[in-house]
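Okay, structure first, notes after.
The values are calculated or read from the model by the stated rules, or taken from the named source; none is laboratory data. Treat the numbers as computed from the prediction; the structure is a model and nothing was measured. When we count neighbours, we look across all protein chains shown, and the Cβ atoms used for this are built from the backbone with ideal geometry, even at glycine. When the accessible area is computed, the model is the full protein with side chains, heavy atoms only, and any ligands, DNA or RNA have been set aside. Shrake-Rupley method; radii C 1.70, N 1.55, O 1.52, S 1.80 Å.
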Amino acid sequence: MSLDQLRAGFRGQLLQQDDAGYEDARKVYNAMIDRRPRLIARCVDAADVMAAVQYGRENGLLTAIRGGGHNGGGLGVCDDGLVIDLSRMRGTRVDPAARTVRVQGGCVGGDLDHATHAFGMATPGGTVSTTGVAGLTLGGGIGHLTRPCGLAIDNLLAADMVLADGRFVTASEKENPDLFWAIRGGGGNFGVVTSLQFRLHPVRVVSAGPTFWPVEQAAEVMAAYQEFILGAPEDISGFGAFLTVPPVPLFPSELHGRKMFAIIWCCTAAPEKAEKLTRPMRSVGKPALDHVGPVPFPVLQSLFDPLLPPGLQWYWRADFVKAFGKEAIAAHVAQASRMPAGLSQVHMYPIDGAAHRPAAKDTAFSYRDANFALVIVGVDPKPENAPMITQWCKDYFDAVHPFSSGGAYVNFMMDEGQERVKASFRDNYERLASLKKKYDPANFFRVNQNIRPA
Ligand SMILES: Cc1cc2nc3c(=O)[nH]c(=O)nc-3n(C[C@H](O)[C@H](O)[C@H](O)COP(=O)(O)OP(=O)(O)OC[C@H]3O[C@@H](n4cnc5c(N)ncnc54)[C@H](O)[C@@H]3O)c2cc1C
């Protein structure tokens, strides 16, 4: 297929390096990534995606898939190749009677929450509303609703996909079940997902907000947090974090710029129950701020958006963790105390509760025995600070990695190579590699946390 032939049948937009709009279209969320694809195919439907896949394959182009463009390592864009960009495909449809939602492959979290909240329902997604639903889900999908409702993949019912050979298929428990297994954790390795269908849960208002403790109390509070959260009912949740209080009116000015250990709460329990059960944890030590109350779910989901606009420098490292022992906590506190001023953060997401119900081999996502997904991010607006935040992030990781379970959540990694990808899938890697051989033998989809064909 020639470019002219592609153009003749394409409904979306095709952007080459000299076209107006190209510079904006090639940008991804992480400004540390600066890549120049040869062609950006902004698809509007599955037919466009099928044509773009055929064009990329027949012309031997390195091909990236872009959903929300949030990937830390910039896996939604590539140099000198083709980007199949789904950012124009953001339709949603809720079926309130069946309690399901279908979203197109370019939807971001905010699109999903907006659509479902109107019906008093939600499905697990991430914690920032501009993250792509497809990219987040295909890696697993961790967020505020993980303890009560599981990972995003645990609520995925079906996905429509365009495979490397151009075929359009559906993956579900009934249709292509092996492919359905692979895409629940295996990332964008198996094809372009044009739409996803999820199960919904009755979630309208949650008890949410932050409790902050000065970092000097972090050793005591982090140990108490771990014990508390792993023993709490599933409708009580909150992720732990090290952060610096941002200088915004939301927080008292005397706290601005101070380093804190925080819990960002999200409880789906009734408000009185949430208040009663979280109170003991919120009374540990001397909190500097405690602001928990009823919040519409989409408000919580977009709470961090203004602090984290696109265009910042980001450097990522991650691990799965079973338990934070005394030594590990000491290492965390020491590294967090050296956190660069500004937006750098460390999050520890509890991934027990409903996410522990599937067995390690039920989905490609294998770490069902881990209790926390840890992510360390160096974040700064200034490109000249990129080396500094990168070094802090790497040093932090080196200090705490020995206490981890070995692998990491693929969506929280930069490009760290094959061994790290294998460690993240553990015993599921071999099956993934044989399914990759079945569905993408030439490794056409390789701009991702790559699973090589067996
Ligand atoms: C600010 C921020 C907050 C985050 N918070 C969370 C969180 O709370 N929970 C969580 O689990 N993760 C979180 N993440 C990580 C996020 O899951 C990954 O960055 C993920 O890759 C983002 O997906 P995307 O579609 O936006 O990315 P893109 O950069 O567009 O794509 C990344 C990769 O995903 C795959 N992909 C994307 N769309 C498709 C598609 N339609 N079909 C096939 N493959 C596709 C491709 O392999 C692509 O290379 C966060 C990231 C950021 C930057």
Run Asp415 past the list (1) open to solvent by less than 20 Å² (accessible area, probe 1.4 Å); (2) in a loop (DSSP other than H, G, I, E, B) and report the number of the one that doesn't hold. (1)
Considering residues that are under 22 Å from Ala442 (Cβ atoms), open to solvent by 40 Å² or more (accessible area, probe 1.4 Å), part of a helix (DSSP H, G or I) and more than 15 Å from the ligand (Cβ to nearest atom), the number found within the range 20-64 is 3
Look through Lys437, Lys422 and report the one residue that is touching a Pro at 6+ places or on another chain (Cβ under 9 Å), open to solvent by 20 Å² or more (accessible area, probe 1.4 Å), free of Cβ contacts under 8 Å to residues at least 24 places away in the same chain and assigned to a helix (DSSP H, G or I). Lys437
Filter result (open to solvent by less than 30 Å² (accessible area, probe 1.4 Å) and either of a type in the set (S, T, N, Q) or more than 6 Å from the ligand (Cβ to nearest atom) (or both)) within the range 68-79: Gly73, Gly74, Val77, Cys78
Filter result (surrounded by fewer than 18 Cβ atoms within 10 Å (Cβ to Cβ) and within 19 Å of Phe242 (Cα to Cα)) within the range 385-400: Met388, Gln391, Lys394, Asp395, Asp398, Ala399
Does the range 102-136 hold any residues that are touching a residue at least 60 places away in the same chain (Cβ under 8 Å), β-branched (Val, Ile, Thr) and either near the ligand (Cβ under 9 Å from one of its atoms) or outside any helix (DSSP H, G or I) (or both), and which are they? Val103, Thr123, Thr127, Val128, Thr130, Thr131, Val133
Looking only at residues that are of a type in the set (S, T, N, Q) and either more than 13 Å from the ligand (Cβ to nearest atom) or assigned to a strand (DSSP E or B) (or both) in the range 327-384, which one is most open to solvent (accessible area, probe 1.4 Å)? Ser337
Based on this model, can you work out whether Leu82 counts as farther than 26 Å from Leu308 by Cβ, open to solvent by less than 50 Å² (accessible area, probe 1.4 Å) and more than 13 Å from the ligand (Cβ to nearest atom)? no
